[in-house]
Structure formats: C-alpha cells, structure tokens
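To start, the structure itself, in structure tokens.
The values are calculated or read from the model by the stated rules, or taken from the named source; none is laboratory data. Just so it is clear, the model here is predicted, and its values are computed rather than measured. As a convention, Cβ positions derive from the backbone with ideal geometry for all residues, glycine included, and neighbour counts pool all protein chains shown.
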Protein chains: 2
Amino acid sequence: MLDNMSLSRHISGQFNAELESIRTHVLAMGGLVEQQLTDALKAMHKQDVDLARRVIKDDHKVNAMEVAIDEACTRIIAKRQPTASDLRLVIAIIKTITDLERIGDVAESIAKVALENFTNKQYNLLVSLEALGQHAARMLHEVLDAFARMDVKAAIRVYQEDDRIDREYEAIIRQLMTYMMEDPRSIPNVLQVMWSARSIERVGDRCQNICEYIIYFVKGKDIRHTSPQEMEIFMDNNR
Amino acid sequence: MLDNMSLSRHISGQFNAELESIRTHVLAMGGLVEQQLTDALKAMHKQDVDLARRVIKDDHKVNAMEVAIDEACTRIIAKRQPTASDLRLVIAIIKTITDLERIGDVAESIAKVALENFTNKQYNLLVSLEALGQHAARMLHEVLDAFARMDVKAAIRVYQEDDRIDREYEAIIRQLMTYMMEDPRSIPNVLQVMWSARSIERVGDRCQNICEYIIYFVKGKDIRHTSPQEMEIFMDNNR
C-alpha cells in the first residue's frame, strides 16, 4: 500500500524519529479524547456525577496536548524543513489536532449536562442519545485507527458513516420536538438534550474532517468542498 | 511597533512578495466572508429571497479560496522553508482560513433560514437576531482589520468583545424559550431561529480564534487554553 510505503521511509534517522514521536503523540491525544467522549456519554446515561466531574477536570489535558503537538509541528518544520509527503503529514497533523481538541470540548459539554438535574421522565430523553453517542464514539475510534495506519480505504468508509449519524440525529430532534410540544414545561431541559444531540452530531463532522486530512496526506489531494459527483468518482477509484 | 517592524522586513525579495500575496488573498477571503455574512443577515431580516439564494450560491467561492490559500501556504513552506516569524505567519494563516471558511458556512445556513416560510408573528423572532448578527459582523470586521495590521492591541479588544455577544445570545435564547412555552405550535420555527442564534454566537468564538492567531504570530506566544488569570496578566501587559 502506498501509505505503508511512505510510512516505512520514516523508520531511520533523527528526523524520522521526531516525526514518529509527533505521530505517537497524536494517537495518544486521540486515545484520550476517545476516553473522554465515552466517559462523558457513560456519565450522562448513568447520571454518574463523579465521572462527569473527572471528564470536566481532564479537559485541560487534551488542550495541553494540542498546544504541545502544535509546537512540535512548528519546530519540526523550522528545523527539518520537510517537503512533499513529510510536509503533508505535518500539515495533516496540525489540522487533525484542532478537530480532536473540539471533540474534547464536546465531551466536556456533555459531562456538564450530566451534572444537571433531570426528572425521571426527562432522564429518559438522555437515554435516547445513547445510541447516537455510541455511534459517534465508534466513528471516532475508527477514524483514529485509519489515522494510525494512514489507511485511505478505511478513511473513506468512516467518511460515509456520517450520513447515518445525521439521520439518527434528525430522528432524535423530531422526537424531542414532539416531546416539547406535548409538555411545554419540559422545554428548558429538552433544549439541553437537543444541544447535546447536536454536539454529538458534530463529532461525526469532525471525524469526516480527519478523514479528509488522511486522504490529503496519502493522496496529496485536497478533497474538501468537492462536489458529490467528484467525491463519488474519487471514492469509487479508491475502494 | 513590533508587528510593523516584522511586516516591513517583507517588503523586498521574491519570498516576501509571495508571503504578501498570500496575506492579500487572506484579506480578500475575509472580505468575501464578511460580505456573505452581512448579506445573509440582510436577507433574513428583509426576507429577501434573491439575496439569500446568492449567498448560498457564492459559498463555493469561499471554499475555493480556502483550498487555494492552503495550497499556497504548503507550497511556500516547501519551497522557501520559512523559520521564526515567517513560519508563524504561514501557520497563523493556515488556521485563520479554517475559521473564515466556517464563518462562511454560518452565512450559508442563515441564508437557508431566510428561505423558510415564517408567519408574521414568527418573523418578528428573526428580527430579534438583527442586533446579535450585526454585533457578530462588526466583530468579524474588526478582527480582519486587526489581522491586516497584525495589531495585538486591537486583537485583544476584539477578543474581549465576545463576552457581550455571549450575553446577548443568552438573552435571545431565554426570550425564544418563553415564546415556545407560550405557543407550543411555534416550536419547529422557533427552533430554527435558535439554531441561527447559536451559529451567529459561534461567529464570535471563531473571531476569538483569529485573535489568538494574530497574537501567536506577533508575540510568538500560544495563548489558547490559558487560564483566565494568565490571560488577564497577558492582556494587562499588552494594552
């Protein structure tokens, strides 16, 4: 595979060791963000106050990793002056960590909702987010996996998964809207659940961004903003 | 001023001409995004279908500019191997255009809301977004101005402006919630207005990001995720 070939070129040398170290840090950051997201969802569903507080407390670790990786990327560009695929890797990493950090923020905001007081009836609404949340967490897991292997085919599969998340999200919004109309006093709480649903849906969009960076690194092609037709052709050629 | 000194170093030479050209393109992209945002808001308030359609149609221009500037940045890094403040400028630009593109998406989504059918009564709700929208558009204008001059003091002023946008946003949400509770049939439409309010509020956050990149370029300091206390000290020292 093209990607493995270009990764294996980095096995020796100080520069390659540095690049590998950055890549490892990105994967560690991804692992932490995934943990934060699954813990936040668990805290919400189990109304686990301690877990929710820990997620909120740990968000600064995600932020610190973003800043440290960003610095390492700037340093490696200045010192090693990478070109071609090495440079694309660094640029892809700079962009990937921005999206990872925002997914970390989503975890924090879900944890905050977990700390709110819900009546039993409203608590059932939170449960309706369980499947959506797990779906988004799975998508994040898969995109990190694709990133670790710089696997374009896997990135394309993850990319397409977002459609289903969007449909699940829309179904939830319709359900919540009905609930609001039937019981207007529930509106403030239901709105909180809606904001959470929306931020979970956004995790899917951010995973799609990371797919685009993987493709950009491996193929040297920026597929953002391409038309659905062009995208279809690109995907057919890379399946 | 530090920033002017470091800008003036770029007056001569092919490299500097290239950097200047990228900077000019970023400002053109910023100008287009600002136009898109103010047109979208105008279309919403005046229920101007033609203007809304034009905003939606022109979003691809913003996207194309993002891709072109991104390419130019990667090219200049590979070819010219900038270091120190030159490199920071390129990195700041790569990040700035991501936020500008997302503000472009906000303009598009507001234009889509402008195409929806609202009853007269619900139309009044859209009007409640007018002040918030103008405030966000002004903040965007000011941050682009600060970017053009790489003016840290101006960036700090714009950064602090976001608090007020947040407060205006919260007041609107409370008002819309009351409206929903009084007239549950209005919920679907009011929710649309709420989503718009939220995306306008996010424009403020994105402008704050751009302020951070300006400070990063001029001061070589990454102020993201610093504690409110540290931020206060930094701002006091740079007023």
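Mind checking whether some residue in the range B:57-66 is over 19 Å from B:R206 (Cβ atoms) and among the basic types (K, R)?
Yes, the range B:57-66 contains at least one residue that is over 19 Å from B:R206 (Cβ atoms) and among the basic types (K, R).
Can you go through A:I156, A:I173 and tell me which one is in contact (Cβ under 8 Å) with a residue 12 or more places away in the chain, farther than 22 Å from A:G30 by Cα and β-branched (V, I, T)?
Testing whether each residue is in contact (Cβ under 8 Å) with a residue 12 or more places away in the chain, farther than 22 Å from A:G30 by Cα and β-branched (V, I, T) leaves just A:I173.
Looking at the structure I just gave you, is A:N189 in contact with a helix residue (DSSP H, G or I) (Cβ under 7 Å, 6 or more places away or on another chain) and farther than 18 Å from B:S186 by Cα?
So A:N189 fails the test.
Only one of A:A68, A:A17, A:A92, A:A40 is out of contact with any strand residue (DSSP E or B) (no Cβ under 8 Å at 6 or more places or on another chain), farther than 29 Å from B:I69 by Cβ, modelled with pLDDT of 95 or more and among the hydrophobic types (A, V, I, L, M, F, W, C); which?
Result of the check over A:A68, A:A17, A:A92, A:A40: A:A40.
Kindly establish whether A:I210 is part of a helix (DSSP H, G or I) and more than 19 Å from A:G104 (Cβ to Cβ).
Against the criterion (part of a helix (DSSP H, G or I) and more than 19 Å from A:G104 (Cβ to Cβ)), A:I210 does not qualify.
Return the residues of the range B:132-156 that are within 15 Å of the chain's Cα centre (by Cα) and of a type outside the set (A, V, I, L, M); say none if nothing qualifies.
Within the range B:132-156, B:G133, B:Q134, B:H135, B:R138, B:H141, B:E142, B:D145, B:F147 meet the criteria.
When the residues of the range B:122-143 are narrowed to those that are within 30 Å of B:R75 (Cβ to Cβ) and buried (at least 22 other Cβ atoms within 10 Å of the Cβ), which ends up farthest from the other protein chains (Cβ to nearest Cβ)?
My answer is B:L140.
Within the range A:30-43, track down each residue that is surrounded by 15 or more Cβ atoms within 10 Å (Cβ to Cβ), over 25 Å from A:A84 (Cβ atoms) and touching a residue at least 24 places away in the same chain (Cβ under 8 Å).
Of everything in the range A:30-43, those that are surrounded by 15 or more Cβ atoms within 10 Å (Cβ to Cβ), over 25 Å from A:A84 (Cβ atoms) and touching a residue at least 24 places away in the same chain (Cβ under 8 Å) turn out to be A:L32, A:V33, A:E34, A:Q36, A:L37, A:T38, A:D39, A:A40, A:L41, A:A43.
Answer with yes or no whether A:I200 is assigned to a helix (DSSP H, G or I), under 12 Å from A:V152 (Cα atoms) and not aromatic (F, W, Y).
No.
Looking at (1) away from chain B (no Cβ under 14 Å); (2) assigned to a helix (DSSP H, G or I), which is the one condition that is false for A:I69?
Among (1) away from chain B (no Cβ under 14 Å); (2) assigned to a helix (DSSP H, G or I), the lone unmet condition for A:I69 is (1).
What number of residues within the range B:110-121 are surrounded by fewer than 23 Cβ atoms within 10 Å (Cβ to Cβ) and touching a Ser or Thr at 6+ places or on another chain (Cβ under 6 Å)?
1
How many of the residues in the range A:44-65 are closer than 30 Å to A:G220 by Cα and either crowded, with 21+ Cβ neighbours inside 10 Å or of a type in the set (S, T, N, Q) (or both)?
Residues that pass the stated criteria total 3.
Can you go through A:A92, A:A107 and tell me which one is within 11 Å of chain B (Cβ to nearest Cβ), within 15 Å of the chain's Cα centre (by Cα) and in contact (Cβ under 8 Å) with a residue 40 or more places away in the chain?
Among A:A92, A:A107, only A:A92 is within 11 Å of chain B (Cβ to nearest Cβ), within 15 Å of the chain's Cα centre (by Cα) and in contact (Cβ under 8 Å) with a residue 40 or more places away in the chain.
Keeping to the range B:195-220, report how many residues are more than 19 Å from the chain's Cα centre (by Cα) and surrounded by 15 or more Cβ atoms within 10 Å (Cβ to Cβ).
2
Do we find that A:N63 is of a type in the set (S, T, N, Q) and within 14 Å of chain B (Cβ to nearest Cβ) in this structure?
yes
Can you tell me how many residues in the range A:97-154 are part of a helix (DSSP H, G or I) and aromatic (F, W, Y)?
2
Is it true that some residue in the range A:162-174 is surrounded by fewer than 20 Cβ atoms within 10 Å (Cβ to Cβ) and small (G, A, S)?
Within the range A:162-174, one or more residues are surrounded by fewer than 20 Cβ atoms within 10 Å (Cβ to Cβ) and small (G, A, S).
Kindly indicate which of B:A107, B:A72, B:A114 is over 20 Å from B:L27 (Cα atoms) and among the hydrophobic types (A, V, I, L, M, F, W, C).
Just one listed residue meets the conditions, B:A114.
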